[in-house]
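Engineer: Right, I'll just put the structure down here and ask away after.
The values are calculated or read from the model by the stated rules, or taken from the named source; none is laboratory data. On a predicted model such as this, the values are computed, not experimentally measured, just so you know. Cβ placement follows ideal geometry from the backbone for every residue including glycine, while neighbour counts extend to all protein chains displayed.
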Amino acid sequence: MQKILITGAAGFIPSSLVDALLKSNNYYVVGIDNMLTGRREHVAEHKNYKFIKADANSFADMSTIMARYAFDYVFHYAAVVGVKRTLDNPSMVLNDTAGLKNILELSKNTGVERIFFSSSSEVYGEPVEVPQHEEHTPLNSRLPYAIVKNLGESYLKSYYQEYGLNYTIFRFFNTYGERQSEDFVIAKFIAAAKRNDDLTIFGDGLQTRTFCYIKDNIDFTLKILKDKTLINEVVNVGHHEQKTLLETANTIKRVLGSESKIVHLPALEDGDMKRRQPDNSKMLSVLGRELTPFEEGLKKLL
């Protein structure tokens, strides 16, 4: 039985990954979370799962856990997330570099086979080309959250080069689904639309995003873990279909039959990129199928 550590395990994507892994008897999973944004209701109850309230940024916490379990794989997903939270707390965001350094130092000394790291589409900044390709699209990040993710990618590549510690870097684009908090656009729009409250959009709403249903994200992750593919590679994880935020809000209104009004607020000074669209050919090649269309995923979620 392979032992897996997942940091940030009470969050949206990592808790979904925990549940998927526990459907197999091949894994013993340990999840940690400091519960800054994690939720207790996302913590699984299973004989092959151990949840520990701990902070990935604390070397004392991590050294004890990693020495005890001798993990085969680590999924490092713990991070300060949410556009407003990361803009309001830049120094807290910068502290997340400590967590990755802890994971790397302890992993190279305890026999970890591979680290999976949750980077972000934010590393591309305002894109100079669309779709954004992992290898030849320049990284243009300026905000602390994006810079920390970019630095994290560099740490992983350096530890592979010097110590042979394998990695896979996920550049996550917008993912939506069950358990997502209202800090994120789809969950926020749905909650407001159900109450017939205003759907608020910063600026003109013509900024584009792509939305990946959580099952596609998790199926892809499980497949590269099982098949041992994309080792020491960077991969965009996201849907390729662009939608403006205005289109997105109107789709949610229509599907829910909501009477909400769309209200435009002043544009954000920072952190609201005009376009995002991944070149997701690596992801599609691994999955061997099309991704869930937005409206279909939305109906599943509802």
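Residue-wise test of (1) farther than 27 Å from F173 by Cα; (2) of a type in the set (F, W, Y); (3) assigned by TED's automatic domain parsing to the domain that holds I115; (4) not in a helix (DSSP H, G or I).
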{"residue": "E45", "(1), (2), (3), (4)": "yes, no, yes, yes"}
{"residue": "I65", "(1), (2), (3), (4)": "yes, no, yes, no"}
{"residue": "R68", "(1), (2), (3), (4)": "yes, no, yes, no"}
{"residue": "V81", "(1), (2), (3), (4)": "no, no, yes, yes"}
{"residue": "T86", "(1), (2), (3), (4)": "no, no, yes, no"}
{"residue": "S91", "(1), (2), (3), (4)": "no, no, yes, no"}
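Engineer: Does segment 263-280 hold any residues that are of a type in the set (A, V, I, L, M, F, W, C) and either free of Cβ contacts under 8 Å to residues at least 60 places away in the same chain or touching a Ser or Thr at 6+ places or on another chain (Cβ under 8 Å) (or both), and which are they?
Structural biologist: Residues satisfying the conditions are V263, L265.
Engineer: On the given criteria, is L206 of a type in the set (A, V, I, L, M), more than 30 Å from K157 (Cα to Cα), under 22 Å from the mean Cα position of the chain (by Cα) and surrounded by fewer than 16 Cβ atoms within 10 Å (Cβ to Cβ)?
Structural biologist: So L206 does not fit the description; no.
Engineer: Check N196 against each of (1) in contact with a Ser or Thr (Cβ under 6 Å, 6 or more places away or on another chain); (2) in the same structural domain as A10 (by TED's automatic domain parsing); (3) outside any helix (DSSP H, G or I); (4) in contact (Cβ under 8 Å) with a residue 12 or more places away in the chain and name the one condition it does not meet.
Structural biologist: So the condition that N196 fails would be (2).
Engineer: Something else about it: So, of the residues in segment 159-189 that are free of Cβ contacts under 8 Å to residues at least 12 places away in the same chain and outside any helix (DSSP H, G or I), which turns out to be nearest to H239 (Cα to Cα)?
Structural biologist: E182
Engineer: On to the next question. Return yes when P90 is at pLDDT below 90 and not β-branched (V, I, T) and no when it is not.
Structural biologist: So P90 fits the description; yes.
Engineer: Those residues that are outside any strand (DSSP E or B) and not aliphatic (A, V, I, L, M), I need them from segment 18-42; list them, please.
Structural biologist: Result: D19, K23, S24, N25, N26, N34, T37, G38, R39, R40, E41, H42.
Engineer: Limited to segment 165-200, what total is found for residues that are within 19 Å of L265 (Cβ to Cβ) and small (G, A, S)?
Structural biologist: 4
Engineer: Here is a further query. Inside segment 219-261, can you point out the residues that are crowded, with 19+ Cβ neighbours inside 10 Å and of a type in the set (A, V, I, L, M)?
Structural biologist: I224, L225, L230, V234, V235, V237, L245, A249, I252
Engineer: Just to check your reading of the model, which residue among K101, K47 is of a type in the set (K, R), over 15 Å from P14 (Cβ atoms) and over 21 Å from the mean Cα position of the chain (by Cα)?
Structural biologist: K47
Engineer: Considering only segment 265-284, state which residues are touching an Asp or Glu at 6+ places or on another chain (Cβ under 8 Å), more than 12 Å from T208 (Cα to Cα) and either part of a loop (DSSP other than H, G, I, E, B) or modelled with pLDDT under 95 (or both).
Structural biologist: A267, D279
Engineer: Hey, another quick one. Is it the case that some residue within segment 171-184 is surrounded by 21 or more Cβ atoms within 10 Å (Cβ to Cβ), of a type in the set (S, T, Y), under 17 Å from G8 (Cβ atoms) and at pLDDT 95 or above?
Structural biologist: Checked segment 171-184: at least one residue is surrounded by 21 or more Cβ atoms within 10 Å (Cβ to Cβ), of a type in the set (S, T, Y), under 17 Å from G8 (Cβ atoms) and at pLDDT 95 or above.
Engineer: Does at least one position in segment 111-121 carry a residue that is assigned to a helix (DSSP H, G or I), under 30 Å from R276 (Cα atoms), at pLDDT below 95 and out of contact with any helix residue (DSSP H, G or I) (no Cβ under 8 Å at 6 or more places or on another chain)?
Structural biologist: Yes, because at least one residue in segment 111-121 is assigned to a helix (DSSP H, G or I), under 30 Å from R276 (Cα atoms), at pLDDT below 95 and out of contact with any helix residue (DSSP H, G or I) (no Cβ under 8 Å at 6 or more places or on another chain).
Engineer: Name the residues in segment 131-144 that are touching a residue at least 60 places away in the same chain (Cβ under 8 Å) and in contact with a Gly (Cβ under 8 Å, 6 or more places away or on another chain), would you?
Structural biologist: Hits for segment 131-144 are R142, L143.
Engineer: Quick one: in segment 141-161, which of the residues that are surrounded by fewer than 14 Cβ atoms within 10 Å (Cβ to Cβ) and over 18 Å from H76 (Cβ atoms) is modelled with the highest pLDDT?
Structural biologist: Top of the filtered list is Q161.
Engineer: Please go through segment 15-34 and pick out each residue that is under 28 Å from D183 (Cβ atoms) and exposed (fewer than 14 other Cβ atoms within 10 Å of the Cβ).
Structural biologist: Listed by number, the list holds a single entry, K23.
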